[in-house]
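K.L.:
Sharing a structure, written as structure tokens. Questions coming.
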Amino acid sequence: MRAGGIAFALALLFIALGGAFLPLLLALMLLNPASGAFVELSQATLMDLDPARRDLNMARWTLAGSIGAVAGPVVLAGAGLAGLGWRGVLAGFAAFSAVLVVATWHVPVPGAADRSPLPSARPLATAARDAIHALGRRDVRRWLVLLQLADLMLDVLQGFLALYFVDAVGAGGAGATVAVVVWLATGLAGDALAIPLLARVDGARWLRASAWAALPVLAAFLLVPGAPAKLALLAVLALLRSGWYSVLKARLYAALPGRGATVMALSSIAGIVGGLLPLTLGLAAQAFGLGPALWLVAAAPVALLAGVPRSR
């Protein structure tokens, strides 16, 4: 994890300093695996620290990501006004990443006191067989599929919001900007509220209840005329989808306890397949229009209702 953090900081610095195609390409090639080692391993470690509170800890992780999603454009805009440009922003992020790496040396590591040697790495073939075996389990496949389908009402819908408000609603660029801001700001508030909610309510029960509520709200959002009404319903949708990623990802980790690397590998493979969902929605929009195509987003709450087991 520390090695990944060092590589992550260096990659950001190289991107900030790069002025030619090849150095930028190499830095970006370094950034992706470094992010996996630094960020994804941190998530897996967090899930293993307290198995009984995976849903809650994953909600905290998601809130941190939402804060970054909202703060990132603000920081970039502020840097532009200050004349720093995107290179200054990336250099600042590289320095901040280096601070985080240094901070990991002050985190106590269980088992470090006995100076026991690290276990030898398993052969790649063995790790691949373990991943294939895990993929053969029904519960693992369930959470992987639900994670990808739920993303229809998370990142996929967010990616089409601006175009929808310009093309289908006719709200113009200003209306599209307001829609994205409403989605991000309300989603941030929802992710903050998900922490006390999941501390008191079973995650699976919340998934089913919010999915039931999201279906009529989504239908109303697509059918009601006028940008103001759509913005109000969009805010409700952003609140209802809060906790979806947190609970689903936590349940995937729970299905494979102590096997964070396997979860990372399977999630990456599922993410490649899930990358076809925006393409499918885009092709449907080209054939039928973006308004009718967005009805495909309803597959997210329907999948949760069909796939999430009832709480006992």
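A short reminder: the numbers here are calculations on the coordinates, not readings from a lab. Source: prediction; values computed, not measured. Glycine gets a Cβ as well: all are built from the backbone with ideal geometry, and neighbour counts include every protein chain shown.
K.L.:
At a 10 Å Cβ-Cβ cut-off, how would you order His133, His106, fewest neighbours first?
P.N.:
Fewest to most other Cβ atoms nearby, the residues stand as His106, His133.
K.L.:
Size of the dipole of the chain about the Cα centre, Lys and Arg at +1 and Asp and Glu at -1 on the beta carbon, nothing else charged, in debye to 20?
P.N.:
760 debye
K.L.:
Give the order of Thr62, Thr104 when sorted by the count of other beta carbons within 10 angstrom, beginning with the fewest.
P.N.:
On the way: Thr62 24, Thr104 13.
Least to most surrounded, the residues fall as Thr104, Thr62.
K.L.:
Then there's this: Does the chain come out rounded, prolate or oblate by the C-alpha gyration tensor, with a ≥ b ≥ c the root eigenvalues, rounded set by a/c under 1.5 and, if not, prolate when a/b is larger than b/c and oblate if not? Could you put the intermediate results ahead of the total?
P.N.:
Values: a/c = 1.76, a/b = 1.21, b/c = 1.45.
Oblate, since a/c reaches 1.5 and b/c is not below a/b.
K.L.:
For the chain, what does -39500 (n - 2.57) per DSSP helix run (n ≥ 4), summed and divided by total residues, give at 222 nm, in deg cm²/dmol to the nearest 500? Each step should come with its number before you reach the end.
P.N.:
Numbers: 16 runs with 243 residues, N = 312.
My calculation for the chain gives -25500 deg cm²/dmol from helical runs alone.
K.L.:
Along the positive direction of the dipole of the chain (beta-carbon charges: Lys, Arg +1; Asp, Glu -1; about the Cα centre), which of Ala293, Gly5, Leu197 reaches farthest?
P.N.:
Of the candidates, Leu197 comes out farthest on the positive side.
K.L.:
Counting pairs of Cα atoms in region 134-306, how many percent are more than 22 Å apart?
P.N.:
Everything past 22 Å amounts to 46 percent.
K.L.:
Mind sorting Leu237, Leu296 by how few other Cβ atoms lie within 10 Å of their own Cβ, fewest first?
P.N.:
Going from sparsest to densest Cβ surroundings: Leu296, Leu237.
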